[in-house]
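Peer 1: Structure incoming, see below.
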Amino acid sequence: MVSAFRPDTLQEALAILHEHRVIPFAGGTDLMVQRRRGSGLLPTFEYPVLFIGHLDELKEVRSGDGKVRIGSVCPYSFLLGDERVPWSFKRVLIQIASPAIRNRGTVGGNIVNASPAGDTLPYLYAFDAEALVQKWDAQRLIHVRDLVTGPGQTALTPGELLTAVIIPQVPFNRFFYKKVGSRKANSCSKLSFLGIALVEDGVVLDVRMCFGAVAPTVVRDRKIEEELVGKEVGKMGDMIPGIVRTYESLIKPIEDQRCTIRYRKEISFRLLEHFLGTVLVL
């Protein structure tokens, strides 16, 4: 028997979070897998479930002031059809799992699940996205990179709920995203790479590079990025080996049923080389 709450409003949900120890439940695409017990058996939840996936207040999408605000329980498929959602983010969303999962899975769930292989995380790190976190009597903004603290771990405190994700509209004219999996559809990520840059007259004005599923959290090194700003893309070739060597100390993947450590490292470096040596100079 699973106990549950189904609030009618966000404020009611926050009040329940304040008064009870519960497990927020939006799409359930991760929770149901994590708590499955086998055929014919109900999943196990150590605390009552708080259903929030139906709350309209958490399904809003707004754009303005150079930012896009996405409600935390917006399903991926809903976002794919919304013209306010950046095309670059849609390039990531369309590669998540299968249509059935995209109809249920949510951006908020992908963040708080805090998997190293979370599909949206490299994009949100690269764009310096912020999370709006609310309690029944307070709220705060925190960068997604600071909210995710480790595999399955976040900086959420008791009573807090992720209610929205805010993505700045960063200017760029180079974009590259690659998700590596066993097959095109319904695939968990073995690793992923996302790179964006602003290049004018052959000079790098901004560049951001993020790796997913190759460390406890997304790998992004701002120091390396800063060193590339002001460089001519035509002369980038001589710098690439040194940049790769720097990332060798940052990329620390695990070996699991999906692939080996060697594979994750080798493909990560090849994607990095492709971005720096090919995408930037287009």
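Peer 1: Identify, from the list LEU156, LEU205, LEU198, LEU162, the residue that is over 21 Å from ARG245 (Cα atoms), in a strand (DSSP E or B) and assigned by TED's automatic domain parsing to the domain that holds LEU55.
Peer 2: Answer to the selection: LEU162.
Peer 1: So, PRO99, is that one modelled with pLDDT under 95 and either more than 19 Å from PHE172 (Cβ to Cβ) or under 13 Å from the mean Cα position of the chain (by Cα) (or both) or not?
Peer 2: Yes: the conditions hold for PRO99.
Peer 1: Condition first: out of contact with any Pro (no Cβ under 6 Å at 6 or more places or on another chain) and assigned to a strand (DSSP E or B). Now tell me which residues in the range 23-59 satisfy that.
Peer 2: ILE23, PRO24, PHE25, VAL49, PHE51
Peer 1: Taking the range 169-225 as the search range and keeping residues that are among the small types (Gly, Ala, Ser), modelled with pLDDT of 95 or more and in contact with a strand residue (DSSP E or B) (Cβ under 7 Å, 6 or more places away or on another chain), which one is surrounded by the most Cβ atoms within 10 Å (Cβ to Cβ)?
Peer 2: The qualifying residue surrounded by the most Cβ atoms within 10 Å (Cβ to Cβ) is ALA213.
Peer 1: Have a look at VAL229, VAL233, VAL244 and point out the one that is within 23 Å of VAL203 (Cα to Cα), modelled with pLDDT of 95 or more, exposed (fewer than 14 other Cβ atoms within 10 Å of the Cβ) and of a type outside the set (S, T, N, Q).
Peer 2: VAL229
Peer 1: So which of ALA114, ALA131, ALA126 ends up being on the phi > 0 side of the Ramachandran plot and not charged (D, E, K, R)?
Peer 2: Every option except ALA114 fails the conditions.
The values are calculated or read from the model by the stated rules, or taken from the named source; none is laboratory data. Note that the structure is predicted; figures quoted are calculated from it, not measured. Cβ: placed from backbone, ideal geometry, glycine included. Neighbour counts: every protein chain shown.
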